[in-house]
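Enquirer: What follows is a single structure, and I will ask about it in a moment.
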Amino acid sequence: MGTGFMDLAVDIVKAYPGETALWIAREALDFKSDFSIAQNKEQSLASTLNKQVQTGQEKHIRRERIKGKYCYFPASGASASDSNEDIVAQISLSTQELKDIDNLVAVGKFHNRSDAIKWLVIEGITANRGYLDKVADAKNQIERLKREVASV
């Protein structure tokens, strides 16, 4: 059982990063239904994936805890977050911005609006890294000056 399912699981994770073990197991069973002889095939395969990744036996997949669930990503890919938690932020969008985000979801680029928005934010930050570094430097200078004034 192990290697056939795990090979397919690696391919599924590469194609759909950020999904849960149960979702990956369902996808694998849709592809090939005889990966497991267990009564609950989905749960059995999900447990296998979880154990293989958790123990380090599967080197091509890593997992991150996001909103209380373990989600699986290619080992070589960028982290979903810099920490083990996601920060929820409320934003307001124009109708056109929401349509653009919904289009990304509709064509299958992302599974939901949250993933699409997160990607857009990360891309925007990356594209403006130089400017954001200057802003951070200015903020640090202001904080230093405030400390100097307070200590006089």
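Enquirer: Nearest 10 degrees, 0 to 90: what angle lies between the long axis of helix 41-54 and the longest principal axis of the chain (Cα atoms)?
Expert: 50 degrees
Enquirer: Only Lys, Arg, Asp and Glu count, each charged at its Cβ (+1, +1, -1, -1), so figure out the dipole size of the stretch 1-83 about its Cα centre, rounded to 20 debye. Each step should come with its number before you reach the end.
Expert: Details: 11 positive and 10 negative charges, 52 e Å.
In debye, rounded to 20, the stretch 1-83 gives about 260.
Enquirer: While we're here: Run through every distinct alpha carbon pair of the stretch 89-152 and return the Kirkwood hydrodynamic radius in angstroms, one decimal place.
Expert: Kirkwood hydrodynamic radius for the stretch 89-152: 14.5 Å.
Enquirer: Please give the length that would be gained between VAL105 and ILE91 if that part of the chain were fully extended, namely 0.36 nm times their separation in residues minus their C-alpha to C-alpha distance (nm, one decimal).
Expert: Stretched fully, the VAL105-ILE91 segment lengthens by 3.2 nm.
Enquirer: Still on this structure, I have one more. Once a ≥ b ≥ c are taken as the square roots of the eigenvalues of the Cα gyration tensor of the stretch 1-83, is the result rounded (a/c under 1.5), prolate (a/b larger than b/c) or oblate (a/b not larger than b/c)?
Expert: prolate
Enquirer: Go ahead and run the numbers for FRET between LYS14 and ARG129, Cβ-Cβ distance against an R0 of 22 Å, rounding to 0.05.
Expert: Efficiency computed from Cβ-Cβ geometry: 0.25.
Enquirer: Taking 0.36 nm per residue of separation and subtracting the Cα-Cα distance, what length does fully extending SER47 through SER33 add?
Expert: Roughly 3.4 nm would be gained on extension.
Enquirer: Which whole-number percent gives the relative contact order of the chain, counting Cα pairs below 8 Å spaced six or more residues apart? Write out the running numbers ahead of the final one.
Expert: On the way: 117 pairs, mean separation 25.1, N = 152.
After rounding, I find 16 percent.
Enquirer: Follow-up. Quick one: which of LYS14/LYS118; LYS14/LYS99; LYS32/LYS69 span more than 22 angstrom between C-alpha atoms?
Expert: Distance filter (> 22 Å) returns LYS14/LYS99; LYS32/LYS69.
Enquirer: Divide by every residue of the chain the summed helix terms, -39500 (n - 2.57) for each DSSP H run of at least 4, and state the resulting mean residue ellipticity at 222 nm, rounded to the nearest 500 deg cm²/dmol.
Expert: Computed mean residue ellipticity for the chain: -19000 deg cm²/dmol.
Enquirer: Between the stretch 4-21 and the stretch 102-117, what is the C-alpha centre distance in whole Å?
Expert: Here the two parts' Cα centres lie 19 Å apart.
Enquirer: Further, regarding this structure: To one decimal place, what Kirkwood hydrodynamic radius in Å is obtained for the chain from all pairs of distinct Cα atoms? Spell out each step's value before the answer.
Expert: Working: mean 1/r = 0.0542 Å⁻¹.
One decimal place: 18.4 Å for the Kirkwood radius.
Enquirer: On a 0 to 90° scale, report how tilted helix 21-31 is relative to the longest principal axis of the chain, with both axes built from alpha carbons and the result rounded to the nearest 10.
Expert: Tilt relative to the chain: about 50 degrees.
Enquirer: Could you work out the relative contact order of the stretch 1-83, using alpha carbon pairs under 8 angstrom and six or more residues apart, expressed as a whole percent? If you can, show how the numbers build up before the last one.
Expert: Values: 96 pairs, mean separation 27.7, N = 83.
The normalised contact order for the stretch 1-83 reaches 33 percent.
Enquirer: While we're on this one: Output the 0 to 90 degree angle, nearest 10, between the alpha-carbon long axis of helix 95-106 and the longest principal axis computed from the alpha carbons of the chain.
Expert: For 95-106 against the chain, the angle is about 30 degrees.
Read the figures in this text as sums done on the coordinates, not as results from a lab. Keep in mind that what you see is a predicted model, and the values were worked out from it rather than measured. Ideal geometry is used to build each Cβ from the backbone, glycine not excepted, and the neighbour counts take in all protein chains shown.
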